[in-house]
Each structure stands twice: as C-alpha cells, then as structure tokens.
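**Student:** This structure is in structure tokens; I'll ask about it shortly.
The values are calculated or read from the model by the stated rules, or taken from the named source; none is laboratory data. Computed from a predicted model, the values in this text were never measured in an experiment. Positions of Cβ are generated from backbone atoms using ideal geometry, with glycine treated the same way; all protein chains shown enter the neighbour counts.
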Amino acid sequence: MNVMSNLFDSKNVVILLFLKILKIKNMNENWKSPNIIIGSVATGGNFFRRDELEEIIWDKLCAGSSVQLTAPRRVGKTSIMQFMATQSIENYKLIFNDIEGINSANEFYERIYLLLLNCLNMMYKARKWVEKFFSSRSITEISMEGIKWEIKPDDFLRETNLLLRKINDSPEIEKIVLFLDELPIMLFKMSKKKNEEATSILSNMRYWRQQPELNKKVRFVLAGSVGMNNVVKAIEGRIAVLNDLALVKFEPLTHEAAVEYVKWATDNSSLFFDPALIEYLLGKIHYYVPYFINLMLNDINSQARSINDPEITEQQIDNAFETIVTQDYYFHDWEDRLKQYMTKADFNFVNELLIHTAHKGVITLQEIYDKAVKHEKTGDYMKFIFDLEKDGYITMVNEKYRFISPFLSAYWKRNNPINE
C-alpha cells in the first residue's frame, strides 16, 4: 500500500511540476515588456513626448531665430529633433540629419545643399519653381542618398549661398528648418586635421543666419552630445560666433514627469508598479533621464518575467540597481567623452575631481582649489566645474559638489578603486 501511495504521490508531483512549467511557458509567451529602448534613438511608439520643449523650440523658430539645444547627456536631444522633423507643419518643410561623419568643409556644404534640395523637393506647391531650378543646375535626380548631376559643381559653398539667395527671394518657397545633430563632434574632429575648415564652417553658418538676403526662409536647430560652446571656444578661442542662436535648455525630467514616464512606459506591459514603488524606483535613480530609468525598467522586467510575477517588489528594484552599477559598458561613454574632447592635462585634473567625489561622496570648493593648485589650473579651474555641472556629471548641494547620478558615482568609484 505504501509503495502504491508513494508512486501516486510521485506521479502527482510530476504532474504539478509539468503544469507549473506549462503555466510559466504560457505566461512568458503572453508577457508584455515595458515600452523602452536602451542606447538607440527613441522613435515612433518608443518616443515620450516633451510637449513643453517642442513648444519652446517652435516659439524660437517662429520668431525668426535659429536654435541651439543645450543639455546634459542622454536626456533625449536626438529623439526630440528626429520627432519634430517628422511633423507636418503648415508652410514649413523639416529635415533631420546626423552630420558627425562629415570630414571636410566642402563635404559639409554639400550636405547642407542636399538637405535644402530635399526640402525643396517636398514642396508640391512650388513644383514648377523647383523643376526649373533643378534644370538650371544640371540636377537629374535628388534623394537623401545623394544628387545625380550632369555636371557636378566643385564649390558647394558657392552653390549653397546661391541656393539660399534664391530660396530667400522666392515667395512660393516655404520655410525650411534643418535639424543638425552632432555638429560639435564634427567640428572637433575636423579641427584636429584642419582647424581653418572648422572655422570656415562656423563663420559661414553665422553668415547664413545673419544676412538679410539669406536668412528669411531657412532656420537651423543645432545640438550634440558634447558641449557646443566648449568645442567652439577650443576652435575659435571665443564663442561669439554662436551668440545669435536662441538657447533652449533641455533639462532632465522633473519628478512629476518622471512618474508619468514610468506609468507611460509600463502602461501596456505585464509589470505592475503601485505608486509607492514608483517613488522607491525614482529614489534609486535620483537623476531623471529616460536612459537611466530604462536601464532599471529593463532589469526589473527581466527579473519579474523569469518568475512570472508581474507585481514588483523593492527587492527587485534594489537588485536591478546593484546589477546595473556593475555593468560598465552602460557608462563608459561619459568617461570617453571627457578623454576625447579634453587635453590630457585637463582630463587628469577633471578625473581626479570625479574620483575624489565618488569616494568621498562630495567635494568642497577648497578641495577643488587644492587640486587646481596641484594641476596648475588655478586660472580657470571653476570653468571645468561649471562644464561638468552643465553636462550632467555633478551638482551643487549645500556648497559642496556631488555626482548628480548614483550610477555615475558608482562607475567612477568602481573603475578607480584607489583614491589618494
């Protein structure tokens, strides 16, 4: 009897285990992950709109200004530029382009010429004007991939100036907005080969924006993942060449907006966050940029899916944070940008400030000055602090500076375990 009972119990265990596996399989097949994207540009349904920023940018453009977007890293500058360029706005043609890979001034002018022609090609009301112009310049075909010419010009600055004048003088032509991403990186790389070419681009772009015979129809929205002012100052020795641009600050999400972002990202997913846990999650992140929030949501989702339990716990949030801070590849870019766009001496000074801040939690003004003395930077040492603050590395609290993100603090501490 005991043998039969044990066999029956064993059979039941096997059946229950099978049913559990089947339930897990079915649950995983039906599991819906959060609406997030990590690393790539957020487009379409992955894009979280920032209506107030769009309105500010449009206000500046409609007032006749070109715009410089200033923002820390990873707040979503590229995403909003790409989104705005896809919108249908009456009497405007909009186009986005990442210009980081351009290597010479003439290539840059050719790209601007191509973007302008593509905008013209979308103007159906001015079709006859456009066809006549294309014919006059021996253009047989136009697309984002390039232009087919009967005879290709060799001076695209001259061609662009001519085109801008014609656009400016033609009432049937609509207004054009060029959204140009990664201009600072392009200029920096170019300046390392031929500084005069980078200077030429800055001067000519200012000329296009300021000359009445050129500037009535075409506007620019400029941005990059490194500070525009710092790069321009390194090239020109001053930033006056940018002072006609309308500055629009692209800040991280407010606390209220971050709560809405988490709700938006998880709304149609299998995850369930009660309001208290959203607050707990944001308390871990501190610095509300979509990139950091998405890192957390991605790991939390993986944990929850592995056990088929959509109800999130504080322990899962803690686990996600501890996992992410050990994955250096998420944060290398913050250090690499400093190395790439600073001299070795400047990087060594800034890096020592960040290492100290990571280990001690804060750095005082006196400690900053002492390190400036050590590195012979007393003449302009606070410029580095202001740049780090503006680019989203540190912030001031009670007259002391600390890392603005616990992720970045953990990264600097982990990769620099010794603080002398």
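**Student:** Can you name every residue in region 140-180 that is among the hydroxyl-bearing types (Ser, Thr, Tyr) and either more than 29 Å from Phe83 (Cα to Cα) or touching a residue at least 60 places away in the same chain (Cβ under 8 Å) (or both)?
**Tutor:** Just the residues of region 140-180 that are among the hydroxyl-bearing types (Ser, Thr, Tyr), to begin with: 140, 143, 160, 170.
Residue satisfying the conditions is Thr140 alone.
Per-residue answers, yes or no, for (1) in a helix (DSSP H, G or I); (2) out of contact with any helix residue (DSSP H, G or I) (no Cβ under 9 Å at 6 or more places or on another chain):
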site	(1), (2)
Met84	yes, no
Ala126	yes, no
Trp129	yes, no
Ser135	yes, yes
Lys148	no, yes
Lys152	no, yes
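**Student:** Hey, another quick one. Would you mind telling me which numbered condition in (1) touching an Asp or Glu at 6+ places or on another chain (Cβ under 6 Å); (2) of a type in the set (A, V, I, L, M, F, W, C); (3) in contact (Cβ under 8 Å) with a residue 60 or more places away in the chain Ile355 fails?
**Tutor:** (1)
**Student:** Could we say that Lys339 is touching a helix residue (DSSP H, G or I) at 6+ places or on another chain (Cβ under 6 Å) and either surrounded by 15 or more Cβ atoms within 10 Å (Cβ to Cβ) or over 20 Å from Tyr287 (Cα atoms) (or both) here? Can you show your working first?
**Tutor:** Working: touching a helix residue (DSSP H, G or I) at 6+ places or on another chain (Cβ under 6 Å): yes; either surrounded by 15 or more Cβ atoms within 10 Å (Cβ to Cβ) or over 20 Å from Tyr287 (Cα atoms) (or both): yes.
Here the answer is yes, as Lys339 does meet what is asked.
**Student:** Next up: Of all residues in region 25-76 being more than 30 Å from Asn168 (Cα to Cα) and polar (S, T, N, Q), which is modelled with the lowest pLDDT?
**Tutor:** This residue is Asn26.
**Student:** Pairs please, first residue from region 211-236 and closer than 24 Å to Lys193 by Cβ, second anywhere and aromatic (Phe, Trp, Tyr), Cβ atoms under 6 Å, 6+ apart in sequence or on different chains.
**Tutor:** Short answer, once both residue conditions are applied: Val226/Tyr341; Val231/Phe188.
**Student:** Only one residue in Thr313, Thr326 is among the hydroxyl-bearing types (Ser, Thr, Tyr) and exposed (fewer than 14 other Cβ atoms within 10 Å of the Cβ). Which one? Break it down stepwise before answering.
**Tutor:** Values: Thr313 fails: exposed (fewer than 14 other Cβ atoms within 10 Å of the Cβ).
Thr326 is the lone residue from the list that is among the hydroxyl-bearing types (Ser, Thr, Tyr) and exposed (fewer than 14 other Cβ atoms within 10 Å of the Cβ).
**Student:** Which count do you get for residues in region 161-181 that are assigned to a helix (DSSP H, G or I) and either touching a Ser or Thr at 6+ places or on another chain (Cβ under 9 Å) or surrounded by 20 or more Cβ atoms within 10 Å (Cβ to Cβ) (or both)? Walk me through it before giving the result.
**Tutor:** Going through region 161-181, the residues assigned to a helix (DSSP H, G or I) turn out to be 161-169.
Checking which are either touching a Ser or Thr at 6+ places or on another chain (Cβ under 9 Å) or surrounded by 20 or more Cβ atoms within 10 Å (Cβ to Cβ) (or both) leaves us with 163-164, 167.
So the count comes out to 3.
**Student:** Turning to a different aspect of this structure: Quick one: Ser66 ticks every box in (1) under 23 Å from Leu187 (Cβ atoms); (2) over 22 Å from the mean Cα position of the chain (by Cα); (3) surrounded by 21 or more Cβ atoms within 10 Å (Cβ to Cβ) except a single one, so which number is it?
**Tutor:** Failed condition: (2).
**Student:** Do we find a residue being buried (at least 19 other Cβ atoms within 10 Å of the Cβ) and in contact (Cβ under 8 Å) with a residue 60 or more places away in the chain anywhere in region 129-139?
**Tutor:** no
**Student:** Just to be sure, is Ile95 at pLDDT 90 or above and touching a Cys at 6+ places or on another chain (Cβ under 6 Å)?
**Tutor:** Values: at pLDDT 90 or above: yes; touching a Cys at 6+ places or on another chain (Cβ under 6 Å): yes.
Against the criterion (at pLDDT 90 or above and touching a Cys at 6+ places or on another chain (Cβ under 6 Å)), Ile95 qualifies.
**Student:** Out of curiosity, is Phe188 on the phi < 0 side of the Ramachandran plot, not polar (S, T, N, Q) and not in a strand (DSSP E or B)?
**Tutor:** Values: on the phi < 0 side of the Ramachandran plot: yes; not polar (S, T, N, Q): yes; not in a strand (DSSP E or B): yes.
Here the answer is yes, as Phe188 does meet what is asked.
**Student:** Can you find a residue that is in contact with a Leu (Cβ under 9 Å, 6 or more places away or on another chain) and either in the same structural domain as Gly101 (by TED's automatic domain parsing) or at pLDDT 95 or above (or both) anywhere in region 187-194?
**Tutor:** Step one: filter region 187-194 for residues in contact with a Leu (Cβ under 9 Å, 6 or more places away or on another chain), giving 187.
Among the residues that remain, those that are also either in the same structural domain as Gly101 (by TED's automatic domain parsing) or at pLDDT 95 or above (or both) are: 187.
Yes: one or more hits.
**Student:** Consider Met228 carefully, then state whether it is more than 20 Å from the chain's Cα centre (by Cα) and of a type in the set (A, V, I, L, M, F, W, C). Working first, answer last.
**Tutor:** Working: more than 20 Å from the chain's Cα centre (by Cα): no; of a type in the set (A, V, I, L, M, F, W, C): yes.
Considered against the rule, which asks whether it is more than 20 Å from the chain's Cα centre (by Cα) and of a type in the set (A, V, I, L, M, F, W, C), Met228 comes out as no.
**Student:** Next question. Being over 22 Å from the mean Cα position of the chain (by Cα) and surrounded by 19 or more Cβ atoms within 10 Å (Cβ to Cβ) is the filter here; which residues of region 285-304 pass it?
**Tutor:** First pass over region 285-304, keeping only residues over 22 Å from the mean Cα position of the chain (by Cα): 300-304.
Correct list: Ile300, Asn301, Ala304.
**Student:** Right, here's the next one. Residues Glu90, Glu107, Glu100: which one is assigned to a helix (DSSP H, G or I) and of a type in the set (D, E, K, R)?
**Tutor:** Values: Glu90 fails: assigned to a helix (DSSP H, G or I); Glu100 fails: assigned to a helix (DSSP H, G or I).
Among Glu90, Glu107, Glu100, only Glu107 is assigned to a helix (DSSP H, G or I) and of a type in the set (D, E, K, R).
**Student:** So Glu322 ticks every box in (1) over 23 Å from the mean Cα position of the chain (by Cα); (2) closer than 30 Å to Tyr381 by Cα but one. Which box is left unticked?
**Tutor:** Failing condition for Glu322: (2).
**Student:** Between a residue in region 332-345 that is outside the structural domain of Asn229 (by TED's automatic domain parsing) and any residue that is of a type in the set (A, V, I, L, M, F, W, C) and at pLDDT below 90, which pairs come within a Cβ distance under 9 Å, given they are 6 or more apart or on different chains?
**Tutor:** Partner pairs satisfying both residue conditions: Arg337/Val226; Gln340/Val226; Tyr341/Val226; Tyr341/Val231; Tyr341/Ala234.
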